[in-house]
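Take a look at the structure set out below.
The values are calculated or read from the model by the stated rules, or taken from the named source; none is laboratory data. As the structure is a computational prediction, the values presented were derived from the model and not from experiment. Note: ideal-geometry Cβ built from the backbone for every residue, glycine included; neighbour counts use all protein chains shown. Only protein heavy atoms, including side chains, enter the accessible area calculation; ligands, DNA and RNA are left aside. Shrake-Rupley method; radii C 1.70, N 1.55, O 1.52, S 1.80 Å.
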Amino acid sequence: PSLPQSFPLPSLILLFIVKMECCSDGATTPTCLSATERKAEKGKEMIMLPRRRTKSHKLPPFATWKKGESSDNDKDNASIAKKVDEVQWRFLSPKQVKSLIQRGSALMMSQVATFFESIIAALNKRMQSRRKMEKKSSTIFDPIAVWPFTAANRFQLGFLHAAQDNLKSTLAMMNVKFHVDLASKLITLQGKDGEDLRASDLDGALRDIDEICEHFVDYDLAALVESMLEGCSQELGSRLKYLDNDKSGTGVSNFIKSIKPKAIVVQDGKDTALRRQFAIRYCEEPSMQEESGPPVRRIMYINVYTLEQEHVGALMKQHSCKSKGELHRKLLYKHAGMACRACLEAVQVYSNQTDSGKYGWASAYNASYAACSLFLKCCKASCVVADALPAGFAQEVASCWLKDSISSWVSWKSTVKNEFLRWRDSYGKEKPNLLEITASPKLMMEFKEVMCVESIFSSSWALGKQLDFLFQDRSKRDIKDFEITQIPLAIRHRKGSRLALLNCPVATSASARSVDCCEAPASTTVCYIGSATMHNTKTSM
């Protein structure tokens, strides 16, 4: 049946979301505890409840519609309408594009693109499975665009649940309607004539959205970085109070607030050098006013609008993008998470931690270990950043990270995978030994990004344990000076890559998924893989 009003998901999905919202791994503790029940958890850190936000915390938007060159609104509208008419659209009509620009949201339109990409990826997976079963290169000409929602992973399902109103309103401007078939558990899309959309329609719509992103949207990644800095300042200031002598957390918070974004300026045009230069990172520059003054703290970000065309082409190749519009979308998601990683690099400096190893693999591990968990917490309603984000943005970004990480993992040779797992399981103590890794900026960056996803948790409790492991021991100066037994078992790495677990369908039973626990009390049983069979153990806090 069609769901024209509120697009409620089937009750089966909602049950899965109740489990998923507590923890990205499906923790066994229920998420619907009351505030009184949460406070009753003895010896445990209380989950942060939503705080009241004031208008003074209003953050600037980081994706807006472009304005014309004239100061006259009528002339601007006429100029934009003329540009729309000049573009050769594949799926959308010029009238629909104008409607999106006049009444829609650039970020919500990007969410539609993510939704379409998920459907196309599911179609491709089904086609590959079918060809493998038939043992021949059979193809189905232009299949109907359907998405079996029971096959979606927890991030995709969370995105679909949170962003459903955004998707519905934006798709309505494109004359596209949702249809949910409860019997076959499929989501289908229909055009204005009532016919089911096909894969070619979604591909054409994706290209049209990327055209809009390239020609009609202004992306302000500096504003995005500033927003994430604001959220990290609030979150880390409340959690890392032990780093300040007065135990107030003000020093940590002010240190992060003092960081300002700065666009990367390309110095060397070689491909290998470009990959190093395009890294989103924390750095310190000498003060221009006083030689003995405090350094200027920066987070380096990518500003596509100031780059040469050849550098933009190199970025598109690096991120496997077919157009500038797709590159803008991918950089938006990348900066959202990597800004949090850069904040953790800054906290390493603030806490006087050093890395005695070559190439800084231990510090790179520590910055990646809690980056994604910190990002998810910053996007929740209790943080000021939530005001600047559309509903479902955090789950959307996480699903894109997971997809890119799986793509990187699949492309690695077995020797590279083994080196990654050895580095991961040593918690940064052992650096990768293969020369092809240490000499490759591409692999080094992929290691850090995959590590961010490998250690992602959506629970407040797990983030607190991750940060405590990284920073609570103030006597630790060398980052590698720790024992793995100090790490709570509930957030330790399991045998093998965790990507397959994160990407598995939410409909899969808990026993088959071998879920990790990240929100449970100390007495809760935790399931993990230590061999071919699953066994239980108690968490050691």
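Looking only at segment 384-398, residues that are open to solvent by less than 10 Å² (accessible area, probe 1.4 Å) and within 14 Å of GLU226 (Cα to Cα) come to 2 in all. Of all residues in segment 214-273, which are crowded, with 17+ Cβ neighbours inside 10 Å, in contact with a strand residue (DSSP E or B) (Cβ under 6 Å, 6 or more places away or on another chain) and part of a loop (DSSP other than H, G, I, E, B)? Hits for segment 214-273 are ILE259, ILE264. Of all residues in segment 399-425, those that are small (Gly, Ala, Ser), exposed (fewer than 15 other Cβ atoms within 10 Å of the Cβ) and within 23 Å of ARG154 (Cβ to Cβ) total 1.
Among residues of segment 441-470 that are more than 13 Å from ALA279 (Cβ to Cβ), those with a beta-carbon under 8 Å from a residue that is open to solvent by 10 Å² or more (accessible area, probe 1.4 Å) and among the hydroxyl-bearing types (Ser, Thr, Tyr) at least six positions away or on a different chain give the pairs VAL450/SER408; GLU454/SER497. Could you please find all residues in segment 196-249 being in contact with a Cys (Cβ under 8 Å, 6 or more places away or on another chain) and of a type in the set (A, V, I, L, M, F, W, C)? MET228, LEU229, CYS232, LEU236 - these are the residues of segment 196-249 that are in contact with a Cys (Cβ under 8 Å, 6 or more places away or on another chain) and of a type in the set (A, V, I, L, M, F, W, C). Would a scan of segment 314-322 turn up a residue that is crowded, with 22+ Cβ neighbours inside 10 Å, in contact with a helix residue (DSSP H, G or I) (Cβ under 6 Å, 6 or more places away or on another chain), of a type outside the set (Ser, Thr, Tyr) and farther than 25 Å from GLU396 by Cβ? For segment 314-322, residues crowded, with 22+ Cβ neighbours inside 10 Å, in contact with a helix residue (DSSP H, G or I) (Cβ under 6 Å, 6 or more places away or on another chain), of a type outside the set (Ser, Thr, Tyr) and farther than 25 Å from GLU396 by Cβ: absent. Remark: pairs (first residue in segment 417-439, farther than 22 Å from ARG477 by Cα and without any contact (Cβ under 8 Å) to a residue 24 or more places away in the chain; second residue open to solvent by 80 Å² or more (accessible area, probe 1.4 Å) and outside any helix (DSSP H, G or I); Cβ separation under 7 Å; 6+ apart in sequence or on different chains) = GLU419/ASN433; ARG422/GLU430. The single residue among HIS319, HIS328, HIS335 that is under 25 Å from LEU206 (Cα atoms) and without any contact (Cβ under 8 Å) to a residue 24 or more places away in the chain turns out to be HIS319. Regarding PHE91, is this residue open to solvent by less than 20 Å² (accessible area, probe 1.4 Å) and either touching a residue at least 40 places away in the same chain (Cβ under 8 Å) or assigned to a helix (DSSP H, G or I) (or both)? When the stated conditions are applied, PHE91 does not pass them.
Taking segment 94-118 as the range and being surrounded by 15 or more Cβ atoms within 10 Å (Cβ to Cβ) and either over 18 Å from ARG207 (Cα atoms) or hydroxyl-bearing (Ser, Thr, Tyr) (or both) as the test, the residues that pass are SER99, SER105, SER110, THR114, SER118. ASP201 satisfies every condition listed in (1) open to solvent by 40 Å² or more (accessible area, probe 1.4 Å); (2) of a type outside the set (Lys, Arg); (3) more than 28 Å from LEU344 (Cα to Cα); (4) within 21 Å of the chain's Cα centre (by Cα) except (4). Counting only helices (runs of 4 or more DSSP H) that sit completely within segment 432-502, those holding 1 or more residues that are open to solvent by 30 Å² or more (accessible area, probe 1.4 Å) and at pLDDT 90 or above correspond to 441-454, 460-471.
Condition test on VAL304, is it touching a helix residue (DSSP H, G or I) at 6+ places or on another chain (Cβ under 7 Å), in contact (Cβ under 8 Å) with a residue 12 or more places away in the chain and surrounded by 13 or more Cβ atoms within 10 Å (Cβ to Cβ)? Steps first, answer last, please.
Details: touching a helix residue (DSSP H, G or I) at 6+ places or on another chain (Cβ under 7 Å): yes; in contact (Cβ under 8 Å) with a residue 12 or more places away in the chain: yes; surrounded by 13 or more Cβ atoms within 10 Å (Cβ to Cβ): yes.
Here the answer is yes, as VAL304 does meet what is asked.
Each row is one residue, and each column tells you yes or no for (1) of a type outside the set (Ser, Thr, Tyr); (2) in contact with a Phe, Trp or Tyr (Cβ under 9 Å, 6 or more places away or on another chain).
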{"position": "GLU396", "(1), (2)": "yes, yes"}
{"position": "CYS400", "(1), (2)": "yes, yes"}
{"position": "SER405", "(1), (2)": "no, no"}
{"position": "SER408", "(1), (2)": "no, yes"}
{"position": "THR415", "(1), (2)": "no, no"}
{"position": "ARG422", "(1), (2)": "yes, no"}
{"position": "ASP425", "(1), (2)": "yes, no"}
{"position": "GLU430", "(1), (2)": "yes, yes"}
{"position": "ASN433", "(1), (2)": "yes, no"}
